[in-house]
Amino acid sequence: TANGCVEPNGLDSSASGNGKERADAEAAAAADRDAAVSKTRQEVASELAFFAPALGFGSLTLVVCMQMGIIFSYNKEDAKDDLPRQAGDPDNVGGGLRIAILTAGLWALVCCFLGLRGLRTRPGRPLPFGNESHSTLGASMSKLGFRRTLMTVRMLRAQSPELPKLMLGQIFSTTGNGTMVTSFVVFVQRELNADNVDIVIIVLVGSMSACLGLLLLMPIVKRLHGKELYRMFMALKAVTLVWPVWLALGFTQKWEMFALVVIGGVLNPSLLPTVRSIFQQTCPHGYEASMFSLLGICTVAFVWIGSAVLAMFLSATGNMRWGILAQASFTVVALWIFSSFDFKKAQEDRARIESGEHEVDGVGEFDELRAESQDSSLTSRDSR
């Protein structure tokens, strides 16, 4: 006022204005913290997705070097004679190779034991089973797993339709790529007369290239988000279309098989970690276990289809090249499905699911399944 006094209403409005500004600032700070935590979590997940297979390929390289050292030290005059002959006679397998195989088995045994020993489990709800025999318990667990898988598929179709595209594309992608990897040794033996030393070199060079490629791409991928990561994955996947075409129409000289192993070893192993990184950025929090399990099923459960197609062409034509070329069709279909994936829409669906907007009448589909399991576990405990 003119005499310097402040009206009470002015105090109230000023205080409420300051309080609102403070609340908005706190909300903005909380949102920034959540965004920083989410970004860090995604970077760590991407890094682990690349580092774990790199560690595996590094171990494979070490074991192959150990085996080669054993074979060459066991028979210094002609180590190649210590390798099994193409005839496949078990009596022709040298002592050095037997020791090398035993070494690999012991390595796997020790590493698996240490890995299993270091696992730590997180306590959860009791399984919804009562006093059942081992046979019925296995059937009940299989039934529960199958029901949860169907629940995951139904939820994805209804609430996040972009993620099933990623999974379906992964099925076709791994069908073609998996068949290429599993059939490569047989192919080069038939078409290029590769001997056992060539195969050992292929395994050694391939594992080294894979380890190097994963370590080189890891710092790049963990900094990519959204469409940048998606574009990189599409570029990597498009390059794999060259492998079956090269095998079917080329491969007339031995140097080609080593060149493909080096190039493919650098690029191919990065496909699955990149898919997992994309999945991590679009999968709703709280549902990672069920959805990543479903992604794992899509990755390994259908590879046999490519092998069956290859066997069909081999039986019909007597030549593996047509069967290998047919694997390119799986890659083409995978690229078409992946190209329809909308990264922005998938992230919007994720935000909607995490906010609870996907729930119907206050109960989400997964929450309903959890309630069912909890009621079953309470019933089983009461019966005991």
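The values are calculated or read from the model by the stated rules, or taken from the named source; none is laboratory data. On a predicted model such as this, the values are computed, not experimentally measured, just so you know. All Cβ positions, glycine included, derive from the backbone under ideal geometry; neighbour counts span all protein chains shown. Surface areas here come from the heavy atoms of the whole protein model, side chains and all, with no ligands, DNA or RNA. Shrake-Rupley method; radii C 1.70, N 1.55, O 1.52, S 1.80 Å.
Checking the table 39/227; 39/237; 143/345; 165/344; 165/227; 39/345 against a 21 Å threshold on Cα-Cα, which pairs fail?
With Cα atoms farther than 21 Å apart: 39/237; 143/345.
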Using a 1.4 angstrom probe and counting only protein chains, how large is the accessible area of residue 154 in Å², to 10? 130 Å²
Long-range amide H partners of residue 194, meaning residues 5 or more apart or on another chain whose placed amide H is closer than 5 Å, are 189
Surrounding charge for residue 292, neighbours by C-beta under 15 angstrom, Lys/Arg +1, Asp/Glu -1, total +3
A correct Karplus calculation of ³J(HN,Hα) over the range 101-111, with 6.51 cos²θ - 1.76 cosθ + 1.60, θ = phi - 60°, whole Hz and x for Gly and Pro, returns 5, 4, 4, 4, x, 5, 4, 5, 4, 5, 5
